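**Q** For reference, the structure I am asking about is given below.
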Amino acid sequence: MSDVIQHSNIRLPEGSIEKQTTTLNLGPTHPATHGVFQNILELDGERIISAEQTVGYIHRAFEKLAERRPLYQITTLTDRLNYCSSPINNMGWHLTCEKLLGVKTPKRVDYLRVIVMELARISDHLICNSIVGVDSGAYTGFLYVMQYRELIYEIYEEICGSRLTTNMGRIGGFERNFTPLAFEKLEKFLKEYPAVLKEFENLFTRNRIFMERTIGAGPIGAERALNYGFTGPNLRAAGVDYDVRVHSPYSSYEDFDFEVPVGSTGDCYDRYLVRNQEMWQSLRIIEQAYQKVQSFKGAEAEVFHADVPEYYLPEKKDVYTKMEALIWHFKIIMGEIDIPKGELYFPVEGGNGELGFYLISDGGRTPYRLHFRRPCFIYYQAYEELTKGAMLSDAIIVMSSLNLIAGELDA
Amino acid sequence: MALTYEHIKQRLVEKFGEQVKGFEEPYGMLTFEAPKELNLKVLQFLYDDAELQFRFLTDLQAVHYPDDAGRELAVVYHLHNLTENIRLRFKVFTEISRPDVFSAATLYAAANWMERETYDFFGVNFVGHPNLKRILNVDEMDYFPMRKEFPLEDQTRIDKDDEMFGRGGSII
């Protein structure tokens, strides 16, 4: 038996002659990896003894592209980061631009943004949690909630005409005002969704199989999670009460009353619970924001962007009919107006953690350097530690409960 | 007592003297730099010090300044003290001909992949990194694409003779 594979990290039991391990490529295109990333697992039977992750399969050079694009053209890049909650990325990018340009947004815009961002958070968490369900063998929950994510997408569609890559933000506000139908759909969602979420919880939270599969799977302690740079629900599940919305509020989050749910063990079950709790909190925030939006009367109730003609695009109907509007549109889109010099970092609470934009401007028409702090990229490197010693089936569920989105991972 | 930028600056200057310099606060974030040989010492000090406790590495990446001779590459660390909720930005500069910077991967586990990404795109050689190889690009690549020597085409360039598109050219 000369060709026995001997790995330094395998300790053979006393007296055993040989023990062979299996190398398994989980991914890059495997239904259980929910995207294109590869895990090279080394298995002893079904137990994982080491894992190596390979990413970069859909790398699209966003940061490089951003160096040749004026601010507005970068919006479309941010859409494609975490596409499960693209409005948050959009808003985060425009908030960064506004900070750079010194644009102050009206309160109504802030509240509308909060509504959109929280809707996006719900749809993100909803998909993540139901995928955890799928990976533990419960497909029904996933199919059931799809129609309610659909309601959210219909609201987006009313707001901006698009569903997945929304591109709905503008510097200073929104492209257009929310239509009455958008608010109607929002009301419908607010009315129907709590019962759905309750039912979703009933299906999973105390489900014996689901609990057995998730409790104790892929745990991470608070200290380790912080060292790994975890943020968002994954960090809060480990028991650290850190939320960008509370710690460095943006877009008037300080005006809202909500709690930050935290877990204790940082395992898959806690991550599931934290995300579910967050959906309830998001609903709370949306309700408050909607009330605030309704409290605006008269001309104030029509405000949907800041008055910054040098950055905010003119209305489309004017672009088609008025020469000045067309010129301004062109100037803004092609970046004929130089942006101020500066260097800033702006974080927002994305669907799965702190999404940061590090922007350096040298005073030209495009960023000199733009870096996205992408939470998924940071979570995935902890994957080996989370799965070492676990079973193969745990590897799948850990991956889905971290909410890894390939678009954000690779940028 | 709440931690202030003034106090952080004072502690750093006490510890490292004139080697830490360039203190400024663009858009409200304390920014400073140190010689690249000191990067780990500064990070360790920021991490360990009972008052400062910058235990969270938010972000790490590089910037290329081709015209700044001897300081072409900047490695930028964004650190966060979560208890006091205060952020700062720390930079080290290195020459592009010898881009060796000490790796912070043992101090912050988060730095591992971030440094790999920075190496991948800018070619910063993180000394002491456990596994410094490309992460988003293919292994066979022999250049560092985010450096400014590889510009993308300027969409607004005017030297193209493409009269068909209404730009430049001449109408006879």
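The values are calculated or read from the model by the stated rules, or taken from the named source; none is laboratory data. Please read all numbers here as calculations on a predicted model, not as lab measurements. A quick note on method: Cβ atoms are made from the backbone with ideal geometry, for glycine too, and the neighbour counts reach across all protein chains shown. The accessibility values were calculated without ligands, DNA or RNA, using every heavy atom of the protein model including side chains. Shrake-Rupley method; radii C 1.70, N 1.55, O 1.52, S 1.80 Å.
**Q** Please specify each residue of the stretch A:337-350 satisfying the condition of being acidic (Asp, Glu) and facing chain B (nearest Cβ under 10 Å). Talk me through it step by step, then tell me what you get.
**A** If we filter the stretch A:337-350 for residues that are acidic (Asp, Glu), which is where we start, we get A:338, A:343, A:349.
Matches in the stretch A:337-350: A:Glu343 only.
**Q** Which number in (1) out of contact with any Asp or Glu (no Cβ under 9 Å at 6 or more places or on another chain); (2) more than 14 Å from chain B (Cβ to nearest Cβ); (3) surrounded by 24 or more Cβ atoms within 10 Å (Cβ to Cβ) marks the one condition that A:Val114 misses?
**A** (1)
**Q** Taking the stretch A:253-286, which residues are among the aliphatic types (A, V, I, L, M) and in contact (Cβ under 8 Å) with a residue 60 or more places away in the chain? If you could, list the steps in order and put the result at the bottom.
**A** If we filter the stretch A:253-286 for residues that are among the aliphatic types (A, V, I, L, M), which is where we start, we get A:260, A:262, A:273-274, A:279, A:283, A:285-286.
Residues satisfying the conditions are A:Leu273, A:Met279, A:Leu283, A:Ile285, A:Ile286.
**Q** Here are the criteria: (1) within 21 Å of A:Val134 (Cβ to Cβ); (2) in contact (Cβ under 8 Å) with a residue 40 or more places away in the chain; (3) not β-branched (Val, Ile, Thr). Tell me which single one A:Ala237 does not satisfy.
**A** In the conditions (1) within 21 Å of A:Val134 (Cβ to Cβ); (2) in contact (Cβ under 8 Å) with a residue 40 or more places away in the chain; (3) not β-branched (Val, Ile, Thr), A:Ala237 misses (2) alone.
**Q** Another one. Taking the stretch B:1-40 as the search range and keeping residues that are touching a residue at least 24 places away in the same chain (Cβ under 8 Å) and out of contact with any strand residue (DSSP E or B) (no Cβ under 9 Å at 6 or more places or on another chain), which one is farthest from A:Leu359 (Cα to Cα)?
**A** If we take residues in the stretch B:1-40 being touching a residue at least 24 places away in the same chain (Cβ under 8 Å) and out of contact with any strand residue (DSSP E or B) (no Cβ under 9 Å at 6 or more places or on another chain), then B:Lys15 is farthest from A:Leu359 (Cα to Cα).
**Q** Step by step: first the residues of the stretch B:91-117, then only those that are among the charged types (D, E, K, R) and not in a helix (DSSP H, G or I), then the one that is nearest to the other protein chains (Cβ to nearest Cβ). Which residue is that?
**A** Here the residue is B:Lys91.
**Q** Does A:His34 satisfy being open to solvent by 20 Å² or more (accessible area, probe 1.4 Å) and not hydrophobic (A, V, I, L, M, F, W, C)?
**A** Taking the combined requirement at face value, the residue satisfies it.
**Q** Okay, moving on. Out of all the residues in the stretch A:384-395, is one or more within 14 Å of another protein chain (Cβ to nearest Cβ) and buried (at least 23 other Cβ atoms within 10 Å of the Cβ)?
**A** Taking every residue of the stretch A:384-395 in turn, at least one turns out to be within 14 Å of another protein chain (Cβ to nearest Cβ) and buried (at least 23 other Cβ atoms within 10 Å of the Cβ).
**Q** Do we find that A:Arg68 is outside any helix (DSSP H, G or I) and over 27 Å from A:Thr33 (Cα atoms) in this structure?
**A** In short, yes.
**Q** Name every residue in the stretch B:111-170 that is of a type in the set (Gly, Ala, Ser), open to solvent by 20 Å² or more (accessible area, probe 1.4 Å) and modelled with pLDDT of 65 or more, in order of residue number.
**A** Applying the first criterion (of a type in the set (Gly, Ala, Ser)) to the stretch B:111-170 yields B:111, B:123, B:128, B:166, B:168-170.
Filter once more, so that each one left must be open to solvent by 20 Å² or more (accessible area, probe 1.4 Å): B:128, B:166, B:168-170.
Listed by number, the list holds a single entry, B:Gly128.
**Q** While we're on this one: If you check A:Val398 against the conditions, is it within 23 Å of A:His30 (Cα to Cα) and either in contact with a strand residue (DSSP E or B) (Cβ under 8 Å, 6 or more places away or on another chain) or assigned by TED's automatic domain parsing to the domain that holds A:Asp124 (or both)?
**A** Values: within 23 Å of A:His30 (Cα to Cα): yes; either in contact with a strand residue (DSSP E or B) (Cβ under 8 Å, 6 or more places away or on another chain) or assigned by TED's automatic domain parsing to the domain that holds A:Asp124 (or both): yes.
For A:Val398, the condition - within 23 Å of A:His30 (Cα to Cα) and either in contact with a strand residue (DSSP E or B) (Cβ under 8 Å, 6 or more places away or on another chain) or assigned by TED's automatic domain parsing to the domain that holds A:Asp124 (or both) - is met.
**Q** Scan A:Glu150, A:Glu63 and give me the residue that is closer than 30 Å to B:Pro26 by Cβ and either modelled with pLDDT of 90 or more or among the hydrophobic types (A, V, I, L, M, F, W, C) (or both).
**A** Numbers: A:Glu150 fails: closer than 30 Å to B:Pro26 by Cβ.
Exactly one residue qualifies, and that residue is A:Glu63.
**Q** For A:Gly56, which of the numbered conditions (1) in contact (Cβ under 8 Å) with a residue 24 or more places away in the chain; (2) in a helix (DSSP H, G or I); (3) within 14 Å of chain B (Cβ to nearest Cβ); (4) of a type outside the set (A, V, I, L, M) fails to hold?
**A** Of the numbered conditions (1) in contact (Cβ under 8 Å) with a residue 24 or more places away in the chain; (2) in a helix (DSSP H, G or I); (3) within 14 Å of chain B (Cβ to nearest Cβ); (4) of a type outside the set (A, V, I, L, M), the odd one out for A:Gly56 is (2).
**Q** For the stretch B:44-89, how many residues meet the condition of being open to solvent by less than 10 Å² (accessible area, probe 1.4 Å) and part of a helix (DSSP H, G or I)?
**A** Here the count works out to 1.
**Q** Something else: The conditions are (1) more than 9 Å from chain B (Cβ to nearest Cβ); (2) open to solvent by 40 Å² or more (accessible area, probe 1.4 Å); (3) among the hydrophobic types (A, V, I, L, M, F, W, C), and A:Met334 fails exactly one of them. Which is it?
**A** All conditions pass for A:Met334, except number (1).
**Q** When you scan the stretch A:362-383, do you find a residue that is facing another protein chain (nearest Cβ under 10 Å) and polar (S, T, N, Q), even just one?
**A** yes
**Q** Could you tell me which of the residues B:Lys36, B:Lys41 is within 15 Å of B:Ala104 (Cα to Cα), among the basic types (Lys, Arg) and either open to solvent by less than 70 Å² (accessible area, probe 1.4 Å) or touching a Ser or Thr at 6+ places or on another chain (Cβ under 9 Å) (or both)?
**A** Criteria check complete, one pass: B:Lys36.
**Q** Find the residue count for the stretch A:263-296, including only residues that are assigned to a loop (DSSP other than H, G, I, E, B), of a type in the set (S, T, N, Q) and either open to solvent by less than 60 Å² (accessible area, probe 1.4 Å) or farther than 16 Å from A:Asp110 by Cα (or both).
**A** The number of residues fulfilling the criteria is 2.
**Q** Further question: Looking at the stretch A:221-228, can you tell me whether even one residue there is within 11 Å of another protein chain (Cβ to nearest Cβ), surrounded by fewer than 22 Cβ atoms within 10 Å (Cβ to Cβ) and in contact (Cβ under 8 Å) with a residue 60 or more places away in the chain?
**A** There is at least one residue in the stretch A:221-228 that is within 11 Å of another protein chain (Cβ to nearest Cβ), surrounded by fewer than 22 Cβ atoms within 10 Å (Cβ to Cβ) and in contact (Cβ under 8 Å) with a residue 60 or more places away in the chain.
**Q** Residue under question is B:Leu52, and the condition is that it be under 29 Å from A:Lys99 (Cβ atoms) and within 12 Å of chain A (Cβ to nearest Cβ); does it hold?
**A** no
**Q** Has the stretch B:21-28 got any residue that is in contact with a Lys or Arg (Cβ under 9 Å, 6 or more places away or on another chain) and surrounded by 20 or more Cβ atoms within 10 Å (Cβ to Cβ)?
**A** Taking every residue of the stretch B:21-28 in turn, none turns out to be in contact with a Lys or Arg (Cβ under 9 Å, 6 or more places away or on another chain) and surrounded by 20 or more Cβ atoms within 10 Å (Cβ to Cβ).
Results for (1) under 30 Å from A:Val134 (Cβ atoms); (2) within 14 Å of chain B (Cβ to nearest Cβ), shown as yes or no for each residue.
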{"position": "A:Val260", "(1), (2)": "yes, yes"}
{"position": "A:Asn276", "(1), (2)": "yes, no"}
{"position": "A:Gln281", "(1), (2)": "yes, no"}
{"position": "A:Arg284", "(1), (2)": "yes, no"}
{"position": "A:Gln294", "(1), (2)": "no, no"}
{"position": "A:Ala299", "(1), (2)": "no, no"}
{"position": "A:Pro309", "(1), (2)": "no, no"}
{"position": "A:Ala325", "(1), (2)": "no, no"}
{"position": "A:Asn352", "(1), (2)": "yes, no"}
